[in-house]
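To start, the structure itself, in structure tokens.
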């Protein structure tokens, strides 16, 4: 399989929505679709698609708040047929490494908010849970806030993960 990641383009919108639909309602509520469309139509930062040959199988992005000077991951997802293959780890490492390489970024950590079932994925990757907000999402899911430190050791690990998939 030839997996690779490239920048999201507006022409990818329909395929990204298909990826979202493959994860509904297990990982997303119906209100999240409108929220995703807002991200796709007016992104606040870089967004990426993951491809299996020429088929879009994943999507994820991030934004950097100039006011708060922090990086936040947005909508990371894989087509449900591609779960449990290690590809989520690749997409996550790619985004984190991209953040770490931003010269204007003064923060040394990245935040993500997610649902309880997905929080376990981030914790396994090395994120630390900061807080839980009961029913914090419009959909009624609890919101878990986690952080990842961009230490030199972690950045080296991210580089190794990405390099492994981009052979």
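In table form, for the structure just shown:
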| quantity | calculated |
| --- | --- |
| Contact order relative to length of the chain, as percent, for alpha carbon pairs under 8 angstrom and 6 or more apart | 21 |
| Globularity ratio of segment 76-167, using Cα Rg and 2.2 N^0.38 Å | 1.14 |
| Ascending count of other beta-carbon atoms within 10 Å, so fewest first, for 6, 104 | 104, 6 |
| The chain - mean residue ellipticity at 222 nm from DSSP helices (-39,500 (n - 2.57) per run, n ≥ 4, rounded to 500) | -11000 deg cm²/dmol |
| Taking 50, 77, 143 and counting other C-beta atoms within 10 Å, the order from fewest to most | 143, 77, 50 |
| Gained length - residue 152 relative to residue 101, 0.36 nm times residue gap less alpha-carbon distance | 17.2 nm |
| Estimated FRET transfer efficiency when R0 is 22 angstrom, pair residue 30-residue 81 (beta carbons, to 0.05) | 0.55 |
| For segment 1-56 versus segment 100-167, the gap between their alpha-carbon centres in whole angstrom | 18 |
| Per-residue Cβ neighbour rank within 10 angstrom, fewest leading, 124, 4, 144, 98 | 124, 4, 98, 144 |
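Coordinate-derived values only; no laboratory data. Values in this document were obtained by computation on a predicted structure and should not be read as measured data. Cβ: placed from backbone, ideal geometry, glycine included. Neighbour counts: every protein chain shown.
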